[in-house]
Amino acid sequence: MRNLTQDNITQAVIARFAGTPDARLKEVMTSLVQHLHAFAREVKLTEDEWFKGIQFLTDTGHMCDDKRQEYILLSDTLGLSMLTVAMNNEKPAGCTEATVLGPFFVEGAPHYEHGDDVGNGAAGTPCRVRCHVRGIGGEAVAGAEINVWQADAEGNYDVQRPHLQQAQARGVLRSGSDGGFHFRTVVAEAYPIPTDGPGGAMLRATKRHAWRPAHLHFMIKAPGYEPLITHVFRAGDPYLDSDAVFGVRQSLVADWVAQPDGSRTLDFDFVLNPDRAGANHDVSLAGAS
């Protein structure tokens, strides 16, 4: 087609996808073109602004490596990650709510036995975490695989400390016959997400803060149940109502109870939703870190 104009180019581009054999891909690409073009028209996008946008995305890609995923940070701070989580994780009342994965998950974390020190030398106030994994009917879920990870008292994950020779404040456990598991770690503290990349530049330009309320990450998988990616947030944190990545759910807020020796304890039960027949629960995280 020749003589394309701003009035007919959108339909011309969509027509090029008419022969896409994958129906879902065709649907996504068609909608993507429609909304991208509508966005450009709505804001009257200039060529200079578009080239700056391309540079922003290029810089975002350059910040990604095996220890950090800047695109996840960008998605998180735009609320897109949490929107996707909310749309794809509707569960019956009583099930533990899902929230964002975050950019610092790492495959292959060390395995621990119940009661072990998952903190493994991380800075922070000692904390004991005691949990159970149950189904919506109250049944114990034995043998569930639980990944747990968190930042230390200085607000850094172990992958942000390149000098470390071993994992800290992250590990994998299995629930026991009663669905329970427990471990030692350090008290979660609020921290700012990394701001040295394009995501941070966006926050500064829009006068937004970069802080996340204190939390522990959990990823739980068990046969017969939907996988769960969630956090447990620390009650009383000043950033619960303004989380930089929009991940807080009131049902995920819990008390870290102070103990006489200065340590704290966290008790929390996770309730999984039974797996729906034929549901696609591919939680492959290639690229996430």
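The values are calculated or read from the model by the stated rules, or taken from the named source; none is laboratory data. Because the structure is a prediction, the values reported are computed rather than measured. Neighbour counts run over all protein chains shown; Cβ positions are idealised from the backbone, glycine included. Remember, those area values only see protein heavy atoms, side chains included, never the ligands or the DNA or RNA. Shrake-Rupley method; radii C 1.70, N 1.55, O 1.52, S 1.80 Å.
Per-structure values
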read-out	value
Rg over Rh, two decimals, the stretch 147-240 (C-alpha only, Kirkwood Rh)	1.03
Total formal charge among the other residues, if their Cβ is under 15 angstrom from that of residue 81, Lys/Arg +1 and Asp/Glu -1	-2
Given charges at beta-carbon only (K, R positive; D, E negative), |dipole| of the stretch 172-249 in Debye	120
Approximate spin-label separation residue 160-residue 269, in nm, with each point projected 7 Å along Cα-to-Cβ	3.4
Set 67/221; 44/207; 91/207 screened for pairs whose C-alpha atoms are more than 28 Å apart	91/207
Charge dipole (debye, nearest 20) of the chain; +1 at Cβ of Lys and Arg, -1 at Cβ of Asp and Glu	500
When the convex hull of its Cα atoms is projected in every direction, mean area for the chain (nm²)	18.4
At R0 = 22 Å, FRET efficiency that the Cβ-Cβ distance of residue 41 and residue 196 yields, to 0.05	0.05
Convex hull (Cα only) mean projected area of the stretch 26-141, reported in nm² to one decimal	12.6
Mean Cα-pair separation over length for the chain, i.e. relative contact order, pairs under 8 Å, 6 or more apart, %	22
Percent of beta bridges antiparallel (DSSP, the chain, rounded to nearest 5)	70
Virtual spin-label span in nm between residue 87 and residue 142, 7 Å along Cα→Cβ	4.0
The chain - percent of accessible surface contributed by carbon and sulfur, probe 1.4 Å	54
Additional length obtainable on full extension of the chain from residue 17 to residue 52, 0.36 nm per residue less Cα span	9.9 nm
Longest to shortest principal axis, alpha-carbon extents of the stretch 93-156, angstrom	39, 26, 24
Selected from 123, 93, 40 as most flexible by GNM, with the chain as the system and alpha-carbon contacts under 10 Å	40
Highest-fluctuation residue, 32, 74, 173 considered, GNM on the chain with Cα pairs under 10 Å	32
Highest-fluctuation residue, 20, 230, 60 considered, GNM on the chain with Cα pairs under 10 Å	20
